[in-house]
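Here the structure is laid out as structure tokens; the discussion comes afterwards.
We did not get these values from a lab; they are worked out from the coordinates using the rules stated. Every value quoted in this text rests on a predicted model; they were computed, and no experiment measured them. Here the Cβ positions follow ideal geometry from the backbone for every residue, glycine too, while neighbour counts run over all protein chains shown.
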Amino acid sequence: MNYYHFVRREIEPLLPPNPTRILEVGAGAGGTLKWLKAQNPGAETTAVELNSELREELTRNVDVALIGPIEEVLPALKTYDLILLLDVLEHLTDSVGVLRKLSSLLVPGGHVIVSVPNIAHLSVSLPLLLTRRFTYQDSGILDRTHLRFFVESTAVKLLNDASLTVTAGLMSGMQGPRARLINMLSLGGFQHHLAKQYIMLGQQTAGQVSQPPVDWKIAK
């Protein structure tokens, strides 16, 4: 199963109850939206995907499929109570601007779920410390198509700059036995060097955002 067919079930603890209009930007083949639709049969699912080769499969998996860059598709969008941007914003030249425009499409009480890679992960920071090197890759944290890099503070700030408060968060990529062992031996002190992604639940805030500390949980 390739990247376009991933189903992001790890976001389940962040999902608000009974969403009725769900938008996913960067939906791939629509597997995540199909999974959400199975849990919420009455929901309308809308997908935005850049890769036109996925059009046919995506159309089978979602109610509305829009092909093209999110910046061009924005005028065709409606309003939503749940918007997903999973591994998307790091690819955009104006990630804050796009997130701000999308968050303006939320109905009152609506939510966004955003995931971004953590550049402080040991797979990046340790080679930098020991060999002063990093190498771009075809996928993962150092994906060569990434235009933005994040650590915990800048990930949270990304949402705050779009007038969103982070109300819950998950750290993913810590499910393996080695990561669990390091986390246990360090008494949790290495958590932010073991997390490959920050996954955040955001809610629109009127006026200046007053961001409380995020109570990060480990994604399953």
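Quick one: net charge around residue 19, please, counting Lys, Arg +1 and Asp, Glu -1 for every other residue with C-beta under 12 Å from its C-beta. Numbers along the way, then the final one.
Details: positive: 21, 37; negative: 24, 44, 81.
Here the count lands on -1.
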Inset, instruction - Report the convex hull volume per residue for the chain, counting only C-alpha atoms, in Å³. - result: 131
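Normalised by the number of residues in the stretch 1-101, what is the relative contact order in percent for Cα pairs under 8 Å and 6+ residues apart? Please report the intermediate quantities before stating the final value.
Values: 151 pairs, mean separation 28.6, N = 101.
Reported as a whole number, the value is 28 percent.
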Legend entry - Interchain or long-range residues, amide H under 5 Å from residue 82's placed H: 21, 23, 111
Inset, instruction - Mind checking which of 156, 51, 93 is farthest towards the positive end of the chain's charge dipole, using Cβ charges of +1 (Lys, Arg) and -1 (Asp, Glu) about the Cα centre? - result: 156
Legend entry - From phi via Karplus (6.51, -1.76, 1.60), per-residue ³J(HN,Hα) for the stretch 196-204 in Hz, x at Gly/Pro: 8, 9, 9, 10, 10, 9, x, 10, 4
Inset, instruction - Express the Stokes-Einstein translational diffusion coefficient of the stretch 80-180 in µm² s⁻¹, to the nearest whole number, given a Kirkwood radius over alpha-carbon pairs, 4 °C and a viscosity of 1.567 mPa s. - result: 87
Inset, instruction - Count the DSSP beta bridges whose two residues both fall in the chain, then state the antiparallel fraction as a percent rounded to the nearest 5. - result: 40
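For the stretch 1-100, how big is the tail of P(r) above 23 Å, as a whole percent of Cα pairs?
Pairs farther apart than 23 Å: 19 percent.
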Inset, instruction - Have a look at 66, 168, 126 and report the one farthest towards the positive end of the charge dipole of the stretch 51-209, computed about the Cα centre with Cβ charges (Lys/Arg +1, Asp/Glu -1). - result: 126
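Would you mind counting up the charge near residue 168? Only other residues with Cβ under 10 Å from its Cβ, with Lys and Arg at +1 and Asp and Glu at -1.
0
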Legend entry - Candidates 92, 54, 130, ranked by Gaussian network fluctuation over the chain, Cα under 10 Å, top entry: 130
Legend entry - Under-5 Å amide H pairs with residue 190, H placed in peptide plane, nonlocal only: none
Inset, instruction - Over the stretch 50-158, calculate the relative contact order: mean separation of alpha carbon pairs under 8 Å at least 6 apart, over the residue count, as a percent. - result: 25
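Fully extended, how many nm does the chain gain between residue 129 and residue 71 (0.36 nm per residue separation, minus their Cα-Cα distance)?
Values: separation 58, 0.36 × 58 = 20.88 nm, distance 3.74 nm.
Taking 0.36 nm per residue and subtracting the Cα distance, the gain is 17.1 nm.
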Inset, instruction - Enter the Cα centre distance for the pair the stretch 126-185 and the stretch 18-62, rounded to the nearest angstrom. - result: 26
Legend entry - Dipole magnitude of the chain about its Cα centre (Cβ charges: Lys, Arg +1; Asp, Glu -1), debye to nearest 20: 600
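Take the residue pairs 101/196; 37/78; 34/220; 157/196 and return only those whose Cα atoms are more than 23 Å apart. Present the calculation step by step, with values, prior to reporting the outcome.
Numbers: 101/196 27 Å; 37/78 18 Å; 34/220 20 Å; 157/196 18 Å.
As for pairs spanning more than 23 Å Cα to Cα, those are 101/196.
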Legend entry - Under 5 Å, built H, 5+ apart or other chain: amide partners of residue 68: 49, 50
Inset, instruction - Report ³J(HN,Hα) in whole Hz for each residue of the stretch 65-70, in order, from the Karplus equation J = 6.51 cos²θ - 1.76 cosθ + 1.60 where θ = phi - 60°; Gly and Pro get x. - result: 10, 10, 9, x, x, 4
Legend entry - Binned Cα-Cα distances of the stretch 60-127, short to long, each 10 Å bin given as a whole percent: 17, 45, 25, 11, 2
